[in-house]
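Every number in this text was worked out from the coordinates using simple rules, so none of it is lab data. What you see is a predicted model; the values in this text were computed from it and never measured. Here the Cβ positions follow ideal geometry from the backbone for every residue, glycine too, while neighbour counts run over all protein chains shown.
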Amino acid sequence: MKRTLYLILLTLTVVSCSADLHPVKVGQRVPDFSFDKVIGDQITSLKLDDLRGKTVVIDYWATWFRPCIPALRKLDSLKGVYGDDLAVIAVSEENTDRLQRFMDRTNWDITYVSDSLSKKMFPYRVIPHSVILDANGVVKAITHPSNIDAELIGKVISGAEVAPELKDDFYVDPEVTSTLLKQELKKGYSISLHSYKQQQRGGYRYHRDQGEINGVSLWNSTIPRMYQTIFEVESPNRIVFEEGLSFEDFPYEPDHQFNLELYTAPEYHDQWKELGVAFLNDYFDVNGKMTTDTLEVYELVQTRAILIPSDADRTGVTFTGSHFEGKAIPMHKFTGYLEGFLDKPVTDQTGLGGKYDIQIDWAFEEQGSLQKALDALGLKLQVSENAVPVEVIKIYKKAI
């Protein structure tokens, strides 16, 4: 009975503390929040009040999101510059075991915590997301970690004012509105293109009708990204620019982001790609097409006969960053996943023509981790000896 009462009181305390938290803005002092799941065996909890006298960087991140890793590496290097004058707290909602493995592999001078409550003080939609506190616990900046460098930290430590670009994932500019740019409404299909939409996260979703893809929704996507998604090409490694164009011509900025909605009726299900590409080619002054080009690639080869055909009834794929689970999938699905993390296209040279259950768990932070995970499956990635013809998307200027 006493144990039950204790657990109830503990739960009520946690809920109460969570409810008391509210967003803290630049210039305000943070409450005495306590991180209760600190990774490592020296301390188990950490109060922000205990860090008074230090400049503190709180970085929200995840091990499965690649851009977070170099951001943490830079913060570790800044810790090396400023020593005890700076504390770096890396906050992730992942479990303690995964964070412990990351900490052991990197050996960076960073305090890792597993926490989901503190983001009520510093809400965000996109990681990485960094908060800088001065020695008095006052928020000096809420920004992207790319804006944090030695000069900025030095100014905070010395008490000087700083003003890096504010990262507010919930800000709405009343002067920015999305407009309809082009629309086709036919008996068998509908396509519409809008400009950038605030508070809409980038991404896409394929639409299905009785198992068949019959269209796609694209949100806040650049022109190359729209072609890549419509052509169902796994990675930007297969985008080839012509006539002096490059990715730099299509920055991930509001003026270069668009929203597309494409739906087809059954009689047009097999034409949705052609309809989408023709629609984009007609509107934009750059066009895209599928073709072949000769490129250097990675080859996925089999080294040992470990994989056996799956007996699963359904095909399915789930992955979060470096964790992948495929059920009854053909090898090209797996090479497509791998290609998303590499700098060249990946071709299937395994000779495995069936469908397989494949699961790998590797780590961005550990060099050779991916190859080690593949080796357990009897697979290996190697660079092709010669350039080979592969399917690519060519982006080129439309003839006037």
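Side notes on the structure shown:
- The range 20-158 - convex hull of the alpha-carbon atoms, volume per residue in Å³: 102 Å³
- Rg/Rh, computed from the Cα trace of the range 181-264 with Rh as the Kirkwood radius, has the value 0.99.
- Vicinal HN-Hα couplings computed from phi for the range 304-314 (Karplus, 6.51 cos²θ - 1.76 cosθ + 1.60; Hz; Gly/Pro x): 8, 7, 10, 6, 10, x, 7, 9, 6, 7, 10
- Mean separation of Cα pairs under 8 Å and 6 or more residues apart, divided by the residue count, gives the chain a relative contact order of 14 percent.
- Projecting the Cα atoms of Trp219, Ser235, Ile43 onto the dipole axis of the chain, where Lys and Arg carry +1 and Asp and Glu carry -1 at the beta carbon, places Ile43 farthest toward the positive end.
- Amide H partners (placed H, <5 Å) of Lys380, local residues excluded: Val301, Thr303
- Computed over the chain with a Gaussian network model linking Cα atoms closer than 10 Å, the most mobile of Thr106, Thr55, Thr347 is Thr106.
- Cα centroid of the range 194-214 to Cα centroid of the range 229-277, whole Å: 12 Å
- Glu232-Asp249 pseudo-label distance in nm [points 7 Å out on the Cα-to-Cβ vector]: 2.8 nm
- For the range 394-400, 3J(HN,Hα) per residue [Karplus equation, 6.51 cos²θ - 1.76 cosθ + 1.60, θ = phi - 60°, Hz, x = Gly/Pro]: 9, 9, 9, 6, 6, 5, 8
- Candidate cross-link partners of Lys47 among the lysines, defined by an alpha-carbon separation under 22 Å and a same-chain spacing of 8 or more, comprise Lys25, Lys37, Lys79, Lys119, Lys120, Lys140.
- Take every Cα pair under 8 Å whose residues are at least 6 apart in sequence, average their separation, divide by the length of the range 179-282, and the relative contact order is 36 percent.
- For a label point 7 Å along the Cα-to-beta-carbon line of Asp173, residues of the range 187-225 with backbone N under 20 Å: 194-203, 219-223
- Value of Rg to Rh for the chain (Rh from inverse mean 1/r over Cα pairs, i.e. Kirkwood): 1.01
- Rg/Rh ratio calculated on Cα atoms of the range 267-400 (Kirkwood radius): 1.05
- Within the chain, helix-based [θ] at 222 nm, where runs of 4 or more DSSP H residues each add -39,500 (n - 2.57), nearest 500: -7000 deg cm²/dmol
- Nonlocal amide H pairs with Gly215, under 5 Å, H built at 1.01 Å: His207
- Basic side chains Lys and Arg get +1 at the Cβ, acidic Asp and Glu get -1 at the Cβ, and with that the dipole of the range 20-158 about its Cα centre reaches some 440 debye.
- Model label zone, Leu166; criterion: amide N under 19 Å from point 7 Å along Cα-to-beta-carbon; scope the range 49-64: 58
- Each residue, Ala387 and Thr318, gets one label point 7 Å from its Cα in the Cβ direction; the gap between the two is 4.2 nm.
- Selected from Glu366, Glu339, Glu93 as most flexible by GNM, with the chain as the system and alpha-carbon contacts under 10 Å: Glu366
- For the chain, built as a Gaussian network whose Cα springs stay under 10 Å, the top-fluctuating residue of Pro23, Pro145, Pro345: Pro23
- Full extension of the segment from Arg125 to Asp76, taken as 0.36 nm per residue of separation minus the current Cα-Cα distance, would add 15.3 nm.
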